[in-house]
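Everything on this sheet refers to the single structure shown next.
The values are calculated or read from the model by the stated rules, or taken from the named source; none is laboratory data. Just so it is clear, the structure is predicted and the values come from calculations on it, not from any experiment. We work out accessible area using only protein heavy atoms, side chains counted, and drop any ligands, DNA or RNA first. Shrake-Rupley method; radii C 1.70, N 1.55, O 1.52, S 1.80 Å.
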Amino acid sequence: MAQTRILVVDDEKATLRLCAVILNSLPDVEITLESDSCRAAERLVSEHFDLLITDIRMPIIDGMELLLMARQHNPHLSVLVITGFPTVNTAVESMKRGATDYIVKPFLPDDFRATVRRLLEERHLREAPGAEGTDEEGAAQQSTRENALEHQVFIEVETRYRTLFEGVP
């Protein structure tokens with residue numbers, strides 16, 4: 001069985017190490033860590049990956065641009081966007097640009113692992129023989145994901161602001 005290849009891109013080395021520790025528990029997965037988004041862009045063109053996990057805020061090539069480049073080169077690549085600066089706009093924009101999912105940092109290891117596992121399973125199902133769906137079904141699923149994601153980010157932002165301003169008169 002071929003290994004599943006995951007490229008993780010983040011300019012914060014601590015996040016890369018955390019992702020590696022979490023993802024190493026998944027069977028048959030090869031993890032490539034990249035702190036330089038320019039090198040990540042080159043690798044996306046020259047190598048095959050099954051999943052891209054990218055931060056949004058990075059120098060030179062940000063995660064949104066990397067997402068566009070990845071999807072142009074490989075339209076079927078699953079992309080998980082991670083960010084420490086969540087907004088409804090970035091969540092919706094990343095989905096419109098083709099992200100498969102969006103997670104807010106800091107994330108819980110179990111949640112991150114479960115999301116990655118789900119994305120890999122979905123990719124495997126899409127690639128299975130006879131798994132072709134219509135464009136309308138894909139658009140409906142994308143719209144549903146965008147709505148759920150928008151709600152999730154709104155709740156996360158609201159919770160962060162409440163925590164930040166709790167006890168402030």
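Whole number please: convex hull volume per residue of the Cα set in the stretch 29-121, in Å³?
Expressed per residue, the convex hull around the Cα atoms of the stretch 29-121 is 97 Å³.
Ordering THR54, THR90 by how much accessible area each has at a 1.4 Å probe, largest first, what is the list?
From most exposed to least exposed: THR90, THR54.
With a 1.4 Å probe and all protein chains left in place, how much accessible area per residue does the stretch 1-130 have, in Å²?
On a per-residue basis, 50 Å².
When only alpha-carbon atoms count, how far does the stretch 6-64 stretch along each of its three principal axes, as whole angstroms with the largest first?
If we take the Cα atoms of the stretch 6-64, the spans are 33, 26, 15 Å.
What percent of all Cα-Cα pairs in the stretch 59-108 falls into each 5 Å bin, going from 0 up to the bin containing the maximum distance?
Per 5 Å bin, starting at 0, the Cα pair percentages come out as 5, 21, 32, 25, 12, 4, 0.
Near the amide H of TYR102, under 5 Å away, which other amide H atoms are found, from residues 5 or more places off or on another chain, if H is placed in the peptide plane?
Those lying under 5 Å, H to H, from TYR102 are VAL81.
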